[in-house]
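Heads up, the thing below is written out as structure tokens.
Bear in mind these aren't lab numbers, they're just calculated from the coordinates by the rules spelled out. None of these values were measured; they are calculated from a predicted model. Because the Cβ atoms are built from the backbone with ideal geometry, glycine has one as well, and the counts that use them run over all protein chains shown.
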Amino acid sequence: MRIFDPHIHMTSRTTDDYERMAAAGVRAVVEPAFWLGQPRTSVGSFTDYFDSLIGWEPFRAGQFGVRHHATVALNPKEANDPRCRAVLDVLPRYLEKDGVVAVGEIGYDSMTPEEDEVFAAQLALAVAHDLPALVHTPHRDKARGVERTLAVVAESGIDPGRVVVDHLNEVTVKLVRDTGCWLGFSIYPDTKMSPPRMVELLRAYGTERMLVNSAADWGRSDPLLTRETGEAMLLAGFTADDVDRVLWRNPVEFYGQSGRLDLRDEDLAAVDPHTGNSILRGGS
Amino acid sequence: MTPDRLREALRGVPDPDWLATALRRVAAEPATITGAFAAAGRRCGRGELPDLPGWTADDAARVLLLTALPGEHATIADSLYRHGDAAEKRAVLRALPLLPVGTAGVPLLHDAIRTNDTRLVAAALGPYARHLDPPAWRQAVLKCVFVGVPLAVVADLDARADPELAGMLAALGAERAAAGRSMPADATDLLDRLAARAGQPHPREA
């Protein structure tokens, strides 16, 4: 089973995790920039963090044979702190980097006017830098948050096929399914989604545009729940090809839209339906 | 290394026109190097160049871009390094010996040697490392042994290695031996060479 975890915060994980992930079949990850538990108070803290996402962390991952990519953004929580607002000014520099495959995580936390402004500004940055967008949905007041998210996405003019709306569940999946956006599901030990519940959603809604991630971070989470979801799919009668689509080809197709995925050593199955060429560039 | 050799080796990259255009633009409008530098990997590829062992296409392209600047090499190299991802930083380090920057690039070497990223440590110990003072250079060589960077990357290794470095390496070897661990073969080979040299009578005493 080859696995591409499209959302995992490796900065918060140990080398033991990398070892276990590699052994479980995880060959590539995307690490979205998010908050670190402790609020930051200056732009410098962010640039050091972003530099780590395009410097040290890919090096660490590489030692275990895992390809590491990142998404960069001012996250919704810290968008509310005026001291962090100037992060928006340094983003363009990062959005041109090789390892940056989307703008994210953007979206809503508490749905404040500040979050509105920062969300819209960053969707515009995604369009300007020709990148997909990874949109976080709030954990509280979720359904309303998803509705508002979809309205802002529609208004921004970004191609919905270049947007993933993440952390969905049984309730919010319905809102996103017909919008053309990709659907992200975070599998957590207790909260968010579990592997059996994820299998039910895949049964009900199919495997197209579905992304399964562990979203593992500094909280209680498990980087192997992608693998466990793949196994639960097989037990439930999905084929190995279905599992490969959800856990590998879908994330490759979504983030491949950046033109920046670097999966040189991997078996590249994602092909542009229009040209017949690999949608991945920059390898050799 | 020379710009001409890099240019020659890059002829076979997937998109040679992109590179040619970027080089012309950088020569005319230096500010365009920021975007071209970031994009070089995805436009030129990241694999080893068949005609230039030890060089990848992205490293070679980025070094060429820096050599194409009409001036202000030190300031621009510093900025590209400070704002670069790991691959961009590595390319700046490799470009330093080809640029008219004097000793202005030395702080970048110190920065790279402080990291634990073996690609950066290795790139910092090329020919430009002649500007490192002996204590910093010895520490950097010792770090190579410590983190597993092959000593083959160190320019002028035998010429610069001195009894002080031999003592530091021997001490690391003793610590490793006490822990039941071994030293890399290239480090013990270097120690052997230094011991042989030390054992030889000094020319004046001969």
Ranked from fewest to most other Cβ atoms within 10 Å of their own Cβ, A:Ser110, A:Ser221, A:Ser45 fall in the order A:Ser110, A:Ser45, A:Ser221
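Restricting to DSSP H runs of at least four residues, report the calculated mean residue ellipticity at 222 nm for the protein assembly as shown, -39500 (n - 2.57) per run over all residues, nearest 500 deg cm²/dmol.
Values: 23 runs with 233 residues, N = 490.
-14000 deg cm²/dmol, from helical runs alone.
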With a Förster distance of 51 angstrom and the Cβ-Cβ distance between B:Leu172 and A:His129, calculated FRET efficiency to the nearest 0.05 equals 0.65
If one builds a Gaussian network model of chain A from Cα atoms under 10 Å apart, the most fluctuating residue listed among A:Trp56, A:Trp35, A:Trp182 is A:Trp56
Under a Gaussian network model of chain A whose springs join Cα atoms within less than 10 Å, the largest fluctuation of A:Gly37, A:Gly107, A:Gly206 belongs to A:Gly37
Amide H contacts under 5 Å for A:Val163, restricted to residues at least 5 apart in sequence or on another chain and with H modeled in the peptide plane, are A:Ala133, A:Trp182
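Could you please rank B:Asp59, A:Asp89, A:Asp98, placing first whichever residue has the fewest other Cβ atoms within 10 Å of its Cβ? Walk me through the numbers before you get to the answer.
Working: B:Asp59 27, A:Asp89 9, A:Asp98 24.
So the residues, fewest neighbours to most, are A:Asp89, A:Asp98, B:Asp59.
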Counting only backbone N atoms under 18 Å from a point 7 Å out along Cα-to-Cβ of A:His139, the residues of the range A:30-52 in range are A:32-40
Non-local residues with an amide H under 5 Å from the amide H of A:Arg67, with H modelled 1.01 Å from N and Pro and chain starts lacking one, are A:Ala28, A:Val29
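Total Lys pairs in the protein assembly as shown closer than 17 Å by alpha-carbon, pairs eight or more apart in sequence or interchain only?
On the way: A:Lys77/A:Lys142; A:Lys97/B:Lys89; A:Lys142/A:Lys174; A:Lys142/A:Lys192; A:Lys174/A:Lys192.
Value for the protein assembly as shown: 5.
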A correct Karplus calculation of ³J(HN,Hα) over the range A:59-65, with 6.51 cos²θ - 1.76 cosθ + 1.60, θ = phi - 60°, whole Hz and x for Gly and Pro, returns 5, 4, 4, x, 5, 10, x
In this structure, the FRET efficiency calculated for A:Glu147 and B:Ala20 from their beta-carbon separation, with R0 = 45 Å, to the nearest 0.05, is 0.35
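Please give the average number of partner chain Cβ atoms lying within 10 Å of the Cβ of each residue in B:40-49, rounded to a whole number. Before the final figure, lay out the partial values.
Details: counts 2, 8, 10, 2, 2, 5, 6, 4, 1, 1.
Across the residues of B:40-49, the mean count of other-chain Cβ atoms within 10 Å is 4.
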Across A:Asp262, A:Asp109, A:Asp81, the residue with the highest GNM fluctuation in chain A (Cα network, 10 Å cutoff) is A:Asp81
Diffing the range A:179-189: the Karplus 3J(HN,Hα) column from phi (6.51, -1.76, 1.60, θ = phi - 60°), in whole Hz with x for Gly and Pro, holds 8, x, 6, 7, 10, x, 10, 9, 9, 10, x
Pseudo-spin-label distance A:Ala240 to A:Thr41, built 7 Å along Cα→Cβ, given in nm, is 5.5 nm
Filtering chain A for DSSP H helices with an axial alpha carbon extent of at least 30 Å and a Kyte-Doolittle mean of at least -0.5 returns none
Going fewest to most other Cβ atoms within 10 Å around each Cβ, A:Val26, B:Val153, A:Val252 line up as B:Val153, A:Val252, A:Val26
